[in-house]
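Values in this text are rule-based calculations from the coordinates and carry no lab data. Please read these numbers as outputs of a predicted model, since none were measured by experiment. Cβ placement follows ideal geometry from the backbone for every residue including glycine, while neighbour counts extend to all protein chains displayed.
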Amino acid sequence: MLQAFSLRTYGRPLGLFALALLTSAAFGFREFRPAFARLLTPGSIVFTGASSIAYWDSLGKDMKPLPVYNTAFGGAEYSDIIAGVDKLVIAYRPSAVVIYAGDNDLATPTRKTPQSVAADVRKFVDLVHAQLPDTWVYVLSIKPSHARWDAWPKMKEADGLIQDYLRTQDHAQFIDVASSMFDAQGNLPHDLFISDGLHPSAKCYALWTSIIKPVLLEHFGASAVHH
């Protein structure tokens, strides 16, 4: 599964990026990745996780002037991100990592529980901070969706457990992107999703930007101006 993700880079000249991609095509992207990571500027912000991040094509523009990299891939569960944390996160030595997962973990059918997902979040935070103690870890809430509405109670429970845990951690924060997706009547607008009823639409990404970007700018806005 780790071979399925696609890397996007934002806010940087693309000369070395193009060279790296050509080299990766010749030698295999997975093997080349650690060398490629060294071409990137330390201190950036890595977005990683599942397809809700992987498909965020406007991420670079939406997060300007923050320099961000997208290492998310379709189908990812927290266990996949944990297994690939060195290549997906640590290799970039980022100032912060923003992660979205848990959606695939709790989709029906599954043996995973809100408690096991929360435990995986703890493991992910511990792995990042063991090597990068000053890196901020931002965990996005699991989103509701029409396609997985039957799993929403478990997802919401997991969100609560994750939020409670992150309140006890330094350099870690929960970002709730789920609550604002409901309208004043408590309904989930269909136009927040593309036709599959699962993945975010441009309108949803705009909403997420309005929630996530101010949090990141609060900590990293001044440094981003000097990049």
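Taken over the range 44-93, the percentage of Cα pairs per 10 Å bin, counting from 0 up to the bin with the maximum distance, is 27, 53, 20, 0. Here's how it looks for residue 76: its modeled amide H is under 5 Å from those of 51, which are all 5 or more places away or on a different chain.
Could you tell me the calculated FRET efficiency between residue 191 and residue 126, based on Cβ-Cβ distance and R0 = 30 angstrom, to the nearest 0.05?
Values: r = 38 Å, r/R0 = 1.28.
The pair residue 191/residue 126 has a calculated efficiency of 0.20.
Across the range 170-178, computed HN-Hα scalar couplings (Karplus, 6.51 cos²θ - 1.76 cosθ + 1.60, θ = phi - 60°) run 7, 6, 8, 7, 8, 10, 8, 9, 7 Hz from first to last residue, x flagging Gly and Pro. Annotation: amide H-H contacts under 5 Å for residue 69 (H modelled 1.01 Å from N, sequence separation of 5 or more, or interchain): 45, 46, 47. The distance from the alpha carbon centre of the range 54-83 to that of the range 138-185 is 17 Å, rounded to a whole number. Dipole orientation for the range 124-191: of the candidates 190, 163, 132, 190 has the Cα lying most toward the positive pole (charges on Cβ; Lys, Arg +1; Asp, Glu -1).
Cross-link list 64/203; 143/213; 87/154; 87/143; 61/213: which exceed 21 angstrom alpha carbon to alpha carbon? Over 21 Å apart, Cα to Cα: 87/154; 87/143. Would you compute the Debye intensity of the range 132-227 from its alpha-carbon atoms alone, equal scatterers and no solvent, and pass along log10 I(q)/I(0) at q = 0.18 Å⁻¹ to two decimals? Ignoring solvent entirely, the Cα scatterers give -0.92.
With an 8 Å cut-off on Cα pairs and a minimum separation of 6 or more residues, tell me the relative contact order of the range 121-227 in percent. Mind dumping the intermediate values first?
Numbers: 97 pairs, mean separation 26.5, N = 107.
After rounding, I find 25 percent.
Treating r as the C-beta distance of residue 210 and residue 146 and R0 as 25 Å, the FRET efficiency rounds to 0.70.
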